[in-house]
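The values are calculated or read from the model by the stated rules, or taken from the named source; none is laboratory data. Computed from a prediction, not measured in an experiment: that's the story for all the values here. Ideal geometry is used to build each Cβ from the backbone, glycine not excepted, and the neighbour counts take in all protein chains shown.
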Amino acid sequence: MSLVTEKPGLRRNFLKQGYLIQENFVSPEQSTHFLDLVAQFQQNQSLDFIHRAVRGRPLHYKVINGQQIESDLPEIDLFYRQLTNFVRSISSDDTVPLKEKLVGVNINVTPAGGTYRWHYDRNAVTVLLYLNEVDGGEIEFYPFFRIYLKGRGPTFLQRWLDWFVQLHVVRQLFGKKIVVKPAQGRMVALRGSRCLHSVRPVQGEQERVNIVMAFDNYKEQNLSKQALDQYLYSQKSVSSDPNYIS
């Protein structure tokens, strides 16, 4: 397996801009192989649609979680862990894959009309790898668009601030919007806990398939959020969006 090698300046650019985009991060053959593995998995196991009604842009997708990937798609789990050195090269030397296997690496399968609501990630760095090209389904994000308390204020205040900056008028007035189309082998790395992001509706009949890989500082991981996991990975009823609160 061949990955794009580290280049001088990537860390500086990533930390300053809050994101990094690379074309052909893996070869077309590798992307197609992973895509075939996902198709085989879906033939053997039926994935439920996760739908959460959210004003503006709902959560509507299917997901293969990290525990399923570790068990049934070990090549993709290995790829996730092999990516650690690259992520360290662009972020921090103490960055590691998440301890919580359920959320560490996921495969998002987004159908026609599917979207992913506005949110922040619970971890410092998120890497997206697109396995196919579809119409629509662009990731839309605003780098460093968060008033981030990081333990310096009460939870309710962080939740209110997150809600406020996500308002359309606030994004339009103060945000710098970046839009990236899905393309086979394209990689997008985000400073996930600082970057407001969402997925636009997928168009056409083809499902959008991408691998989502999460990394964080090994000393700071405290990610057990049962309500959020229930919200993202099941069809169980929840009273509200737990969101990503630190």
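Among the residues of region 109-127, are any in contact with a helix residue (DSSP H, G or I) (Cβ under 6 Å, 6 or more places away or on another chain), among the hydrophobic types (A, V, I, L, M, F, W, C), crowded, with 16+ Cβ neighbours inside 10 Å and part of a helix (DSSP H, G or I)?
Filtering region 109-127 down to residues in contact with a helix residue (DSSP H, G or I) (Cβ under 6 Å, 6 or more places away or on another chain) leaves 125.
Going one step further and asking which of them are among the hydrophobic types (A, V, I, L, M, F, W, C), we end up with 125.
Imposing the further condition that a residue be crowded, with 16+ Cβ neighbours inside 10 Å reduces the set to 125.
Applying the additional criterion that residues be part of a helix (DSSP H, G or I) yields none.
The answer is no, given that none of the residues of region 109-127 is in contact with a helix residue (DSSP H, G or I) (Cβ under 6 Å, 6 or more places away or on another chain), among the hydrophobic types (A, V, I, L, M, F, W, C), crowded, with 16+ Cβ neighbours inside 10 Å and part of a helix (DSSP H, G or I).
Quick check on residue 56: is it in contact with a Gly (Cβ under 6 Å, 6 or more places away or on another chain) and under 22 Å from residue 207 (Cα atoms)? Step through it out loud before you land on a result.
Values: in contact with a Gly (Cβ under 6 Å, 6 or more places away or on another chain): no; under 22 Å from residue 207 (Cα atoms): yes.
Criteria not met by residue 56.
Within the group 77, 93, which residue is modelled with pLDDT under 95 and not β-branched (Val, Ile, Thr)?
When all the criteria are applied, what remains is 93.
Mind checking whether some residue in region 161-175 is among the aromatic types (Phe, Trp, Tyr), out of contact with any strand residue (DSSP E or B) (no Cβ under 7 Å at 6 or more places or on another chain) and under 23 Å from residue 53 (Cβ atoms)? Before you say what the answer is, go through the steps one by one.
Residues of region 161-175 that are among the aromatic types (Phe, Trp, Tyr), as a first pass: 163-164, 174.
From what is left, the residues that are out of contact with any strand residue (DSSP E or B) (no Cβ under 7 Å at 6 or more places or on another chain) are 163-164, 174.
Restricting the remaining residues to those that are under 23 Å from residue 53 (Cβ atoms) gives 163-164.
Yes.
Pick from region 200-231 the residues that are in contact with an Asp or Glu (Cβ under 8 Å, 6 or more places away or on another chain) and either closer than 27 Å to residue 92 by Cα or of a type in the set (D, E, K, R) (or both): which of them is surrounded by the fewest Cβ atoms within 10 Å (Cβ to Cβ)?
Filtering first and then ranking leaves 219.
Considering 144, 79, which residue is of a type outside the set (Lys, Arg), touching a Cys at 6+ places or on another chain (Cβ under 9 Å) and either surrounded by fewer than 20 Cβ atoms within 10 Å (Cβ to Cβ) or under 18 Å from residue 41 (Cα atoms) (or both)? Quick ask: steps written out before the conclusion?
Details: 79 fails: touching a Cys at 6+ places or on another chain (Cβ under 9 Å).
Just a single option satisfies the conditions, and that option is 144.
Could you look through region 86-106, keep only residues that are in contact with a Phe, Trp or Tyr (Cβ under 8 Å, 6 or more places away or on another chain) and of a type in the set (A, V, I, L, M, F, W, C), and pick out the one that is surrounded by the most Cβ atoms within 10 Å (Cβ to Cβ)?
105
Let me spell it out: the conditions are (1) in contact with a strand residue (DSSP E or B) (Cβ under 8 Å, 6 or more places away or on another chain); (2) at pLDDT below 95, and residue 69 meets all of them except one. Which number is the exception?
Every listed condition holds for residue 69 apart from (2).
Looking at residue 158 and the list (1) more than 14 Å from the chain's Cα centre (by Cα); (2) surrounded by fewer than 20 Cβ atoms within 10 Å (Cβ to Cβ), which single condition is not satisfied?
Only one criterion is unmet by residue 158, namely (2).
Could you grab the pairs with beta carbons closer than 8 Å, sequence gap of 6+ or different chains, first residue in region 36-62 and in a helix (DSSP H, G or I), second one among the β-branched types (Val, Ile, Thr)?
Filtered contacts from region 36-62: 37/76; 38/64; 38/107; 38/109; 38/209; 41/64; 42/109.
Looking only at region 128-140, how many residues end up being at negative phi and either outside any loop (DSSP other than H, G, I, E, B) or at pLDDT below 95 (or both)?
Looking only at region 128-140, we keep the residues that are at negative phi, and these are 128-135, 138-140.
Restricting the remaining residues to those that are either outside any loop (DSSP other than H, G, I, E, B) or at pLDDT below 95 (or both) gives 128-130, 135, 139-140.
Qualifying residue count, region 128-140: 6.
So, of the residues in region 1-21 that are at pLDDT 95 or above and buried (at least 16 other Cβ atoms within 10 Å of the Cβ), which turns out to be nearest to residue 145 (Cα to Cα)?
Checking each candidate, the answer is 18.
When residue 96 is evaluated against the numbered criteria (1) of a type in the set (A, V, I, L, M, F, W, C); (2) over 13 Å from the mean Cα position of the chain (by Cα); (3) assigned to a helix (DSSP H, G or I), which criterion, by number, is the only one it fails?
(3)
Being more than 20 Å from the chain's Cα centre (by Cα) and either closer than 19 Å to residue 133 by Cα or of a type in the set (Ser, Thr, Tyr) (or both) narrows it down to one residue among 46, 31; which is it? Break it down stepwise before answering.
Details: 31 fails: more than 20 Å from the chain's Cα centre (by Cα).
The unique qualifying residue is 46.
Could you tell me which numbered condition residue 10 fails, if it satisfies all but one of (1) without any contact (Cβ under 8 Å) to a residue 12 or more places away in the chain; (2) farther than 25 Å from residue 225 by Cβ?
Failing condition for residue 10: (1).
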